[in-house]
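Beneath this line is the structure, given in structure tokens, with notes to follow.
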Amino acid sequence: MAAEIIAAVSACSTAYNFMKKAVEEGHELADMTRALGKFFDAREEISIIEQKATNPSKIQKLFGGASIEAQALEITLQKHKAEMLEKQLKDLFYWSGQAPLWHQMLQERTKLRNMRIAEAKAKAQTKAAMIDIAVVTSILIVGMAVVLSATKLVVG
């Protein structure tokens, strides 16, 4: 877990450093979509790792290795580093005169994230409904089998 989050923060840092150097050399941030994509993909990965760490399976809880405190500290420290890098990236947009682009990107990011959350929620609801249907169907089949067995014993 710690290695995954460190790798994600490292990817953020690498992408930020690339963009900072490019801006210093006179390049436009708007032309660095690949680096920006890598930065925000890594930021998303950090969120995913954090969710996995805060919602471990029973097996992971039993055989997780590191203590809860150590995992929490590592996640908190690495998440803080990533947040600081994102703030520096925002500052880079502002310093290079591209603050409106930063705000447009955040609006689009929020819109896409909300769409993904809605899709994930819909999938989870569908999955829950399918499980409910399967359980109810199984109970009905078992109930009918019991009734038929009891009827055959009474008749026979």
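The values are calculated or read from the model by the stated rules, or taken from the named source; none is laboratory data. Predicted model only: the values in this text are computed from it and were never measured. Methodologically, a virtual Cβ is constructed for each residue, glycine included, from the backbone with ideal geometry; neighbour enumeration extends over all protein chains shown.
For region 16-28, a residue qualifies if it is under 26 Å from the mean Cα position of the chain (by Cα) and either more than 19 Å from Ala82 (Cα to Cα) or among the aromatic types (Phe, Trp, Tyr) (or both), and the qualifying residues are Tyr16, Phe18. Criterion first (farther than 30 Å from Glu28 by Cβ, among the hydrophobic types (A, V, I, L, M, F, W, C) and surrounded by 10 or more Cβ atoms within 10 Å (Cβ to Cβ)) does Ala124 satisfy it? So Ala124 fits the description; yes.
Filtering region 15-25 to residues that are surrounded by 15 or more Cβ atoms within 10 Å (Cβ to Cβ) and over 13 Å from Phe93 (Cα atoms) leaves Ala15, Phe18. Selection of region 112-155 for residues being over 16 Å from the mean Cα position of the chain (by Cα) and basic (Lys, Arg) yields Lys127, Lys152.
When region 82-101 is filtered for residues that are within 26 Å of Ala7 (Cβ to Cβ) and out of contact with any Cys (no Cβ under 8 Å at 6 or more places or on another chain), the ones remaining, listed by number, are Glu83, Met84, Lys87, Gln88, Leu89, Lys90, Asp91, Leu92, Phe93. Of all the criteria given as (1) without any contact (Cβ under 8 Å) to a residue 40 or more places away in the chain; (2) surrounded by 13 or more Cβ atoms within 10 Å (Cβ to Cβ); (3) of a type in the set (Val, Ile, Thr), the one not satisfied by Thr33 is (2).
Would you call Lys90 in the same structural domain as Lys20 (by TED's automatic domain parsing) and among the basic types (Lys, Arg)? For Lys90, the condition - in the same structural domain as Lys20 (by TED's automatic domain parsing) and among the basic types (Lys, Arg) - is met.
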